[in-house]
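Engineer: Following this message is one structure expressed as C-alpha cells.
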Amino acid sequence: MESSFRACGSPYASLALASYFAELSAAVAPPMQASHELHDLLGRALDHIAAKPPSRRAFDHFEAETARLLGVFDPSGATPPHVALAQLCGNLPRSRTGALKALEL
C-alpha cells in the first residue's frame, strides 16, 4: 500500500479515523494470511481522508465495505455493519468511540 496519508499536520479527526481504520483492519484480517482486499480498502480509505475532510459518511462506508468484504454485511439493514463486525471479531477496537467523538468536534 502506497498511501499518501501523512500524520503530521493532519486534523485530529483524520488521525482518529486513520487509527480506527487500521485497528479494525488488523482485528478482522485473517491471521497469517494475505488479505489483499482489506489492504486495498485501507489504502483507499487513508488516501480519502488525506485528501478530503473526515466525515461520518467515510466512517460508515469503511465499516460497510469491511463487512461486505468479510461476508457479514446485511443488505437488509437489520444488522448494522459495526454490529456484524463486532460479532465477527469479538469486540471492535476502542478507537471507534474516539473516532466518532472526533467527527462531532
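Engineer: Could you list, in sequence order, all residues of the stretch 34-57 that are more than 16 Å from residue 23 (Cβ to Cβ) and part of a helix (DSSP H, G or I)?
Structural biologist: Within the stretch 34-57, 36, 37, 40, 44, 47, 48, 50, 51, 56, 57 qualify.
Engineer: Next question. Could you check how many residues of the stretch 1-24 are over 13 Å from residue 102 (Cβ atoms) and modelled with pLDDT under 95?
Structural biologist: 9
Engineer: Hey, another quick one. Quick check, is residue 28 modelled with pLDDT under 95, closer than 16 Å to residue 92 by Cα and of a type outside the set (Gly, Ala, Ser)?
Structural biologist: Taking the combined requirement at face value, the residue satisfies it.
Engineer: Continuing with this model, one more query. Identify, please: which residue in the stretch 43-90 is of a type in the set (Ser, Thr, Tyr) and touching a residue at least 24 places away in the same chain (Cβ under 8 Å) and is, among those, surrounded by the fewest Cβ atoms within 10 Å (Cβ to Cβ)?
Structural biologist: Applying the filter and picking the extreme gives 55.
Engineer: Right, next: Before we move on, is residue 41 modelled with pLDDT under 95, farther than 24 Å from residue 105 by Cα and touching a helix residue (DSSP H, G or I) at 6+ places or on another chain (Cβ under 7 Å)?
Structural biologist: Here the answer is no, as residue 41 does not meet what is asked.
Engineer: Turning to a different aspect of this structure: Go through (1) within 14 Å of residue 24 (Cβ to Cβ); (2) of a type outside the set (A, V, I, L, M, F, W, C); (3) touching a helix residue (DSSP H, G or I) at 6+ places or on another chain (Cβ under 8 Å); (4) without any contact (Cβ under 8 Å) to a residue 40 or more places away in the chain and name the single condition residue 93 misses.
Structural biologist: All conditions are met except number (4).
Engineer: Before we move on, is residue 23 in a helix (DSSP H, G or I), surrounded by 13 or more Cβ atoms within 10 Å (Cβ to Cβ), acidic (Asp, Glu) and in contact (Cβ under 8 Å) with a residue 40 or more places away in the chain?
Structural biologist: The answer is yes for residue 23.
The values are calculated or read from the model by the stated rules, or taken from the named source; none is laboratory data. Because the structure is a prediction, the values reported are computed rather than measured. Every residue, glycine as well, gets a Cβ built from its backbone with ideal geometry; the counts of neighbours run over all protein chains shown.
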